[in-house]
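A.B. asks: Let me give you the structure first, and then I'll get to my questions.
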Amino acid sequence: MKENIFEVIMYLFENYMDDNSELHTDQESLSVELKQAGFLSSEISKAFDWLEGLVSLKEKTLPHAMPNKLSIRVYNQSEQKKLNLECRGYLLRLEQIHVINEITRELVIDRSMALETGDFTLDHLKWVVLLVLFNQPDQEEAFLWMEDVILDPVHTVLH
C-alpha cells in the first residue's frame, strides 16, 4: 500500500497534468484509479484537499497580504521544524535568483506545512515549488526551469 499524501500528489501530477492543462478527469474517477494504483482512501482525500488548498490560495492572494520586498522572512518554530535549514536556504536562493517571489515563497511555505509527511526533505520542497509555480499565472518560465532542476540530475547546484 502506498500511504503517503505526497505520493498521491506526485502520481496525479505525473499522470494528469502538463504545462497547459489541469486535471482532465473528475475526482470520483480519479479516486477509483488511485485506489486501484494502491493508494489509501484517506491519503487520496487529503491529496485532493491539498490540491484544492493550492487552488484556493491562488484565488485569495490579496494586495494587502503582499510582503514588503525589503522585509526579512522569519520562520516560526513549526515552520523551522518542518523546513530544515537546507530547505529554508533553498527557498532564499530561489528568491535571490528570481525563480520565486515573496508571494510564491509564502504559497510554497503554506503548501509545505499542509503536507502531512514525517520527514520533509529538500526533494519534497522542490516538488512543492514546482506545483505552486504550475498553479500560478505568468510563471511558465520559472516552472520550466524548476521542472528541469527536478528532472535533470545534473541540476543539483543553483547558479
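A.B. asks: From the set of residues in the stretch 72-97 that are in contact (Cβ under 8 Å) with a residue 12 or more places away in the chain and in a loop (DSSP other than H, G, I, E, B), which is farthest from E43 (Cα to Cα)?
C.D. replies: Applying the filter and picking the extreme gives I97.
A.B. asks: Among the numbered conditions (1) surrounded by 10 or more Cβ atoms within 10 Å (Cβ to Cβ); (2) charged (D, E, K, R); (3) modelled with pLDDT under 90, tell me where E79 comes up short.
C.D. replies: (3)
A.B. asks: State yes or no: is S41 loosely packed, with under 12 Cβ neighbours inside 10 Å and either at pLDDT below 90 or more than 15 Å from N135 (Cα to Cα) (or both)?
C.D. replies: Numbers: loosely packed, with under 12 Cβ neighbours inside 10 Å: yes; either at pLDDT below 90 or more than 15 Å from N135 (Cα to Cα) (or both): yes.
When the stated conditions are applied, S41 passes them.
A.B. asks: Could you please find all residues in the stretch 101-125 being over 19 Å from S56 (Cβ atoms), crowded, with 18+ Cβ neighbours inside 10 Å and at pLDDT below 95?
C.D. replies: F120, H124
The values are calculated or read from the model by the stated rules, or taken from the named source; none is laboratory data. What you see is a predicted model, and the numbers here were worked out from it, not measured in a lab. All Cβ positions, glycine included, derive from the backbone under ideal geometry; neighbour counts span all protein chains shown.
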